[in-house]
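Heads up, the thing below is written out as structure tokens.
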Amino acid sequence: MDLLSLLASDGYEMKRVAATRGGEYAGPCPFCRDGNDRFRVWPAQGEGGRWWCRKCGKYGDVIQYLREVRGLSFREACDAAGRVVPPSPFWRPKPRPPWEPRRTTPPGDLWQARARQLVEEGGRRLFQPHGQGKKLLDWLQKKRGLSADTIKANRLGLHPQDTWDRPEHWGLEPDLKDTGIPKKLWIPRGLIIPYCQAEHVLRIRLRRPRADGDPRYYLVKGSDTRAMVWGPHQHVKVVVESELDGMLLHQEAGDLAGVVALGNAQT
Ligand SMILES: [Zn+2]
């Protein structure tokens, strides 16, 4: 669990800018959701690295990142980071309050409307009895072990070809290239892995075909980065990297434990 790969799976590419304190990296800030170099990361500092935003002033370590950007509890964040939490003498199991998103903010209405359309079309395409849809559905069922019910419940889908959209159609601020031309919003082809809660679509992640190269997983700009959780009220939770693995675990053992998927998978 290192900061640079967490940031990369949240769609924030960091560039090495200096050799100070074991290496310093810079990129856009996940809290400001803006900038090019305001967010600074020192992966060699402390346990798993430290970060600081020059603009909004937020700072912390891996645990803090998992809590604030992924919305994990302290305990879940420690589990995810492989740290041992000393049991508190006062701690005893008690019913948890209903799951509430913590500090992450859901995308705007316009964004969610576009995302919902993508999810609905994608679901229909995935269940088409031929072509790309059938191939992908076979892979999900035979290779990843997911049942049709799980696939539908998680609203997986197929985005058959790369598309580019105007950011303003998603309610996003246009991002200007060096030439001053606004960048289009890229939606690469692949498996659509959305995060839906009730009628809300919080995130669109795409798993791209191997032939399309890196990155394997792509987060559509404007997505919410909170961790995917199944069975939020279970006392025991298993933390996994991959959302597809999380779905499988919930399908097979959902009555025994809750599941938290960080969405860091690279395969
Ligand atoms: Zn910031």
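Summary table below
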quantity	calculated
Burial ordering of 150, 179, 105, fewest other beta-carbon atoms within 10 Å first	179, 105, 150
Selected from 215, 228, 136, residue furthest toward positive end of dipole (segment 122-265; charges at beta carbon)	136
Lysine pairs within the chain, Cα separation less than 27 Å, 8 or more sequence positions apart or different chains	27
Label point distance in nm, residue 257-residue 168, each placed 7 Å from Cα along Cα→Cβ	4.9
Within a Gaussian network of the chain (alpha carbon springs, distance under 10 Å), most fluctuating of 32, 53, 78	32
111, 164 arranged by Cβ crowding within 10 Å, fewest neighbours leading	164, 111
Net charge over other residues, Cβ less than 15 angstrom from the Cβ of residue 214 (K, R count +1; D, E count -1)	+3
Rough spin-label spacing in nm, given labels placed 7 Å along Cα→Cβ, for residue 234 and residue 181	4.9
Dipole magnitude of the chain, debye to nearest 20 (Cβ charges: Lys/Arg +1, Asp/Glu -1, about Cα centre)	80
Where labels lie 7 Å past Cα in the beta-carbon direction, separation of residue 59 and residue 210 in nm	4.4
Percent of C-alpha pairs per 10 Å bin, segment 227-267, short to long	38, 54, 8
For the chain, the fraction of alpha-carbon pairs in successive 5 Å shells from zero, as %	1, 5, 12, 16, 18, 17, 14, 9, 5, 2, 1, 0
Extension reserve of the residue 84-residue 44 stretch, reckoned as 0.36 nm per residue once the Cα distance is removed	12.4 nm
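Every read-out reported here was derived from the displayed coordinates using simple, explicitly stated rules and does not represent laboratory data. If you're wondering where the values come from, they're calculated on a predicted model, not measured in any experiment. Here the Cβ is made from the backbone with ideal geometry for all residues, glycine too, and neighbour counts use every protein chain on show.
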